[in-house]
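Computed from the coordinates by the stated procedures, all read-outs in this text should not be read as laboratory data. Computed from a predicted structure; not experimentally measured. Please note: Cβ atoms are built from the backbone with ideal geometry, for glycine as well, and neighbour counts cover all protein chains shown.
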Amino acid sequence: MIQVTSKNFKDEVSNFKGAIVADFYADWCGPCKMLSPLMEQMSKDNKDSNVKFIKINVDQEQDLAGQYGVMSIPTVIFFKDGKKVSQRVGVSQKSEYEDSIKKTLSHIPAAKGTGGNVKVFSTPTCPYCHMAKAYLKDKKIEFEDIDVSQDQNQARAMVEKSGEMGVPQLWINDEVVIGFNKPVIDQLLGL
């Protein structure tokens with residue numbers, strides 16, 4: 001696996017044609033240490049393919065972590081041709097990463113500004129939830145509003161997928177955005 005910093009990010013990620021699996025981690029993080037051998041093995045298994053595996057230390061590269069909305073670690077972000085396609089937070093099964101790699105390789109970007117499939121998991125008392133929904137309405141993006149304080153099944157599904165209990169959570173074309181993170185929302189919506 002290649003250690004990537006802000007100095008070599010452009011060469012290793014932005015200019016790369018193909019899929020990239022980026023492991024955002026920290027040396028002190030227990031779950032990151034659990035994920036590392038799996039990433040190393042997958043990197044070896046895919047060494048002759050069009051898939052590159054990289055590691056980014058969030059303690060040393062806080063700007064890159066912030067740019068891609070990494071709020072929990074480990075976070076694995078999947079890129080295609082230098083553009084973020086999806087991400088997984090926490091430790092998942094190998095088959096789930098392999099599935100994400102296949103989806104990344106076959107990813108075709110949505111038409112600019114269409115939004116695709118957008119769900120907002122929120123509660124009525126959350127000010128950031130109101131801000132996120134107002135922002136989407138302002139941008140004329142259709143979305144499904146899910147009140148997790150009323151729907152426990154949806155609340156469980158939200159936590160299972162993201163590993164996070166906080167709201168708002170926006171699912172944009174099956175990508176999870178935790179909080180009202182405008183730059184990441186804009187990127188995923190193609191705005």
Checklist entry - Relative to the longest principal axis of the chain, what angle (0 to 90°, nearest 10) does the C-alpha long axis of helix 152-162 take? => result 30
Next on the checklist: Sort Tyr68, Tyr135 by Cβ crowding within 10 Å, fewest neighbours at the top.
Outcome noted: Tyr135, Tyr68
Checklist entry - Which three semi-axes in whole Å describe the equivalent ellipsoid of the range 118-189, each the square root of 5 times a Cα gyration tensor eigenvalue, listed largest first? => result 18, 13, 10
Checklist entry - In degrees from 0 to 90, rounded to the nearest 10, what is the angle of the helix 30-45 Cα long axis to the longest principal axis of the chain? => result 60
Checklist entry - How big is the gap, in Å, between the Cα center of the range 2-52 and the Cα center of the range 154-187? => result 23
Item to check | Listed peptides 72-82, 121-131 by packing density, highest first (mean Cβ within 10 Å) | outcome: 72-82, 121-131
Checklist entry - How large is ³J(HN,Hα) for each residue in the range 124-135, as worked out from phi by the Karplus curve 6.51 cos²θ - 1.76 cosθ + 1.60 (θ = phi - 60°), to whole Hz, x for Gly and Pro? => result x, 9, 8, x, 5, 5, 4, 5, 5, 5, 5, 5
Checklist entry - Within the set Lys17/Lys103; Lys52/Lys133; Lys102/Lys140; Lys10/Lys133; Lys17/Lys139; Lys55/Lys140, which residue pairs have Cα atoms separated by over 27 Å? => result Lys52/Lys133; Lys102/Lys140; Lys10/Lys133; Lys17/Lys139; Lys55/Lys140
Item to check | Solvent-free Debye scattering, log10 I(q)/I(0), computed from the Cα coordinates of the chain at q = 0.08, 0.16, 0.19 Å⁻¹ | outcome: -0.26, -1.03, -1.38
Checklist entry - How many nm separate the modelled label positions at Met131 and Asn50, each set 7 Å beyond the Cα in the direction of the Cβ? => result 4.0
Checklist entry - Remind me, what semi-axes does the range 2-105 give for its equivalent ellipsoid, largest first in whole Å, using sqrt of 5 times each Cα gyration tensor eigenvalue? => result 18, 17, 12
